[in-house]
1. Which condition number does Gln77 fail, the rest of (1) surrounded by 15 or more Cβ atoms within 10 Å (Cβ to Cβ); (2) under 20 Å from Ala138 (Cα atoms) being met?
2. Hey, Trp121 hits all of (1) closer than 20 Å to Thr44 by Cα; (2) out of contact with any Pro (no Cβ under 6 Å at 6 or more places or on another chain); (3) open to solvent by less than 30 Å² (accessible area, probe 1.4 Å) but one; which does it fall short on?
3. Check Ala64, Ala98, Ala56 and return the single one that is under 21 Å from Glu132 (Cα atoms) and not β-branched (Val, Ile, Thr).
4. Filter region 173-206 down to residues that are open to solvent by less than 40 Å² (accessible area, probe 1.4 Å) and assigned to a strand (DSSP E or B) and give me whichever is farthest from Glu61 (Cα to Cα).
5. Report, by residue number, each residue of region 97-137 that is aromatic (Phe, Trp, Tyr) and either more than 20 Å from the chain's Cα centre (by Cα) or not in a helix (DSSP H, G or I) (or both).
6. Quick one: count up the residues across region 66-100 that are within 17 Å of Thr32 (Cβ to Cβ) and in contact (Cβ under 8 Å) with a residue 40 or more places away in the chain.
7. Just to be sure before I move on: is Arg170 open to solvent by 50 Å² or more (accessible area, probe 1.4 Å) and in contact (Cβ under 8 Å) with a residue 40 or more places away in the chain in the structure I sent?
8. Looking for whichever is basic (Lys, Arg) and closer than 19 Å to His183 by Cα here; the options are Arg60, Arg81, Arg110, Arg76. Which one fits?
Amino acid sequence: MTTSHHAPFAAPLPHRVDPELPEMWVVRHGATEWSRNGRHTSTTDLPLLPEGEEGAIALRERLAEVEFAEVWASPRQRARRTAALAGFESPEIVEDLAEWDYGDYEGMTRAQVHEEKDPTWAVWTHGCPGGESPRQVAARLDRVVERARAASGPVLAFAHGHSLRVLAVRWLDLPVAEGRHFHLDTTTISVLGTDRGLREVRRWNA
């Protein structure tokens, strides 16, 4: 019997190694008319639907179990209202948590963009004409990650579907396009952290 000295799959993958970081809890805002209909919503400042308000209130008990060092929210009213109903009346407004700027595609569904504009379009790779590119969104969510890394304890952030999915993959040092694998519903809780120096997703879309 011969023994191979080659181990082509044994080389460790390059990972960022960090000290144990504070957890980052992220909450997608409650349902709005456009989120329910699949319309891309960035700067359009829609209120929560009654079901969105109920979902936000339902978060209160779970979030009250954690003593957060900092609480942040996107400037959009749907995120700020979700924070208030969840028990956080005065979050710090963080502009970098705003939703991906969809530019010319604001208010359109993905199907409409494919039919009327570009049948190959995907926000993760194409970005939005008149709005933001993947690189631009990554740059500002990287700033949020760095702020969370420097916090003195757990951080809670209320924001949006695409911006939080970008936040998650940038936490993991992954390209923006990998966010397409991280489905995120309204009024859900997700938790990012580290384990033995490696960044991880501890809970997603819960």
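The values are calculated or read from the model by the stated rules, or taken from the named source; none is laboratory data. Owing to the predicted nature of the structure, the values given are computational and were not obtained by experimental measurement. No Cβ is skipped: glycine too gets one built from the backbone with ideal geometry, and neighbour counts run over all protein chains shown. For the accessible areas, the whole protein counts, side chains as well, though only heavy atoms, and no ligand, DNA or RNA atoms are used. Shrake-Rupley method; radii C 1.70, N 1.55, O 1.52, S 1.80 Å.
1. Of everything listed in (1) surrounded by 15 or more Cβ atoms within 10 Å (Cβ to Cβ); (2) under 20 Å from Ala138 (Cα atoms), Gln77 misses just condition (2).
2. It is condition (1) that Trp121 fails.
3. Of Ala64, Ala98, Ala56, the one residue that is under 21 Å from Glu132 (Cα atoms) and not β-branched (Val, Ile, Thr) is Ala98.
4. Once the filter is applied, the top-ranked residue is Arg199.
5. First, the residues of region 97-137 that are aromatic (Phe, Trp, Tyr): 100, 102, 105, 121, 124.
Trp100, Tyr102, Trp121 - these are the residues of region 97-137 that are aromatic (Phe, Trp, Tyr) and either more than 20 Å from the chain's Cα centre (by Cα) or not in a helix (DSSP H, G or I) (or both).
6. Our first condition is that a residue be within 17 Å of Thr32 (Cβ to Cβ); within region 66-100, this holds for 73-86, 97-100.
Pick out the ones that are also in contact (Cβ under 8 Å) with a residue 40 or more places away in the chain and you get 73-74, 76, 78-83, 85-86, 97-100.
Selection size over region 66-100: 15.
7. Answer is no for this residue.
8. The conditions single out Arg110.
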